[in-house]
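The values are calculated or read from the model by the stated rules, or taken from the named source; none is laboratory data. Here the structure is a predicted model, which means the values were calculated and not measured. Here Cβ is always computed from backbone atoms with ideal geometry, including for glycine, and neighbour counts include all displayed protein chains. Side chains are part of the model used for accessible areas, which takes the heavy atoms of the whole protein and leaves out ligands, DNA and RNA. Shrake-Rupley method; radii C 1.70, N 1.55, O 1.52, S 1.80 Å.
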Amino acid sequence: MTIETLKNLLKSYKLNPNKTYGQHFLMDETILEDMIDEAKVKAGDMILEIGPGIGNLTERLLEHKVKVLSIEKDPQFLPVLKTLQKEHEDFSYELTDALKYNFSDRLKGTPYKVIANIPYYITGKIVQLFMHAAHKPDSLTLLMQKEVAYNIAAKPGSMNLIAISVQLFADARVVCVVPGHKFHPAPKVDSAVIHITLHKKPKYKIKDEAKLFRILRACFSGKRKQLHNTLENNLQLSKQVVTETLSKLKIDPMIRPQQLTIEQWLNLCDELKL
């Protein structure tokens, strides 16, 4: 899709990119097809799309004979959605906020995949929503800000809260980088496609998820600090307790939070008494 084609499409529907919703329309159709290929889409699949916008990804998906449920917050795209629904019996939509929509109830009992070009400003919240959903998708193939994509796929040594939050439940891999000039309007930063595959069986045994995330948030609020300091200061634990716990687990007290593995975090959670 050329910039002229996109502008004509926007003009025909009397649409304008909404900065508040972080709307940037992808012009490179090859990237859309790459996302569909990465998700291993096959006929009959149930696809959940967030933020269909002008419907270019939606159209591509429907060409693969799948069922698509699109969630759109911006009412200006209602004419586009109505046109798609009229032309495709396997397409449905909800005009609502994705962060408030009950996907688990709507798709209960139906395996589904998430494929979407999501707004930068809700990326973390959207990913977390599906990681903790009662009915999780099989996979997510998302176009998002490059920095966030690499954060999600980070390995020990550069781990962060969102990486651990995702990798407790899934495997994540950055597929490709998409330069800003591939969008209209062009964002100030580059994007990337990330593929997240949910574990079919739990990979880790999490005894107390609330406790684990309390510890993680406390430690990553001071991620540049040494682990023993974040545990003592942010969780109000005594120096003796911290020293003895880390020694028992053979974790260097001077290590920084981003250097721990997921297994070490789980062991630390099990050992600490809060």
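The figures follow:
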quantity	calculated
Criterion (in contact with a strand residue (DSSP E or B) (Cβ under 9 Å, 6 or more places away or on another chain), more than 21 Å from residue 13 (Cα to Cα) and in contact (Cβ under 8 Å) with a residue 40 or more places away in the chain) met by exactly one of 66, 41	41
Answer from 125, 108, 100 - the residue that is under 11 Å from the mean Cα position of the chain (by Cα), exposed (fewer than 13 other Cβ atoms within 10 Å of the Cβ) and over 27 Å from residue 33 (Cβ atoms)	125
Positions within the range 46-69 being open to solvent by 10 Å² or more (accessible area, probe 1.4 Å) and either part of a helix (DSSP H, G or I) or touching a Pro at 6+ places or on another chain (Cβ under 8 Å) (or both), in sequence order	46, 51, 56, 59, 60, 62
Index of the failed condition, residue 125 passing every other in (1) basic (Lys, Arg); (2) assigned to a helix (DSSP H, G or I); (3) over 17 Å from residue 22 (Cβ atoms)	(3)
Residues of the range 1-32 classified as within 16 Å of residue 79 (Cα to Cα), in a loop (DSSP other than H, G, I, E, B) and of a type in the set (A, V, I, L, M, F, W, C), total	1
Count of the range 2-13 residues which are in contact (Cβ under 8 Å) with a residue 24 or more places away in the chain and either in contact with a helix residue (DSSP H, G or I) (Cβ under 8 Å, 6 or more places away or on another chain) or among the basic types (Lys, Arg) (or both)	2
Qualifying residue in the range 197-210 (condition: free of Cβ contacts under 8 Å to residues at least 60 places away in the same chain, in contact with a Leu (Cβ under 7 Å, 6 or more places away or on another chain) and among the aliphatic types (A, V, I, L, M))	no
Set 256, 224: member being buried (at least 17 other Cβ atoms within 10 Å of the Cβ) and among the charged types (D, E, K, R)	256
Contacts under 9 angstrom Cβ, first residue in the range 72-90 being among the hydroxyl-bearing types (Ser, Thr, Tyr), partner open to solvent by less than 10 Å² (accessible area, probe 1.4 Å), 6 or more apart	83/55
